[in-house]
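For reference, the structure discussed in these notes is given below.
The values are calculated or read from the model by the stated rules, or taken from the named source; none is laboratory data. Model, not experiment: these values are computed from the prediction. Counting neighbours? That spans all protein chains shown, and the Cβs are built from the backbone with ideal geometry, glycine included.
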Amino acid sequence: MAQFVKVAKMSELPEYDGSLEEVEGKGTLEEVEGNRIVLFNLDGEVFAIDDTCPHDSGPLSEGTVQGDQVVCPWCGSRFSFLSGEARALPAMENVASYEVRVTGDDVEVEV
């Protein structure tokens, strides 16, 4: 049964304004019950997806962000961090996305 687990503090997540320029260092990697999950704080709303690119296992937490997408640093695949949807080749599979809730300063992810 899925449950929400506290993974971070909102005050510690770097905020991103959705710029169309590629920006580094906006994903925050967290280990949650054996899962590598990357968090993105888009103008105060937090999104969570799997950290691993399905094409080449690249760490999406080390990728750049542009708009609502993260770019795999190894292969250049793009994924929506809003939904986990693959948006550019070579990846053809989506990454898992997770429900997020913020309670006070606590960021919780459903796993």
* Please verify whether the range 27-34 includes one or more residues that are among the acidic types (Asp, Glu), within 18 Å of Ala88 (Cα to Cα) and modelled with pLDDT under 95. => no
* To do: Could you figure out which of (1) assigned to a strand (DSSP E or B); (2) touching a residue at least 12 places away in the same chain (Cβ under 8 Å); (3) loosely packed, with under 15 Cβ neighbours inside 10 Å isn't true of Gly18?
  => (1)
* Please verify whether the range 75-95 includes one or more residues that are in a strand (DSSP E or B) and loosely packed, with under 12 Cβ neighbours inside 10 Å. => no
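If only one of Leu13, Leu89, Leu29 is closer than 20 Å to Thr103 by Cα, free of Cβ contacts under 8 Å to residues at least 40 places away in the same chain and among the aliphatic types (A, V, I, L, M), which one is it? First the steps, then the outcome.
Working: Leu13 fails: free of Cβ contacts under 8 Å to residues at least 40 places away in the same chain; Leu89 fails: closer than 20 Å to Thr103 by Cα.
Every option except Leu29 fails the conditions.
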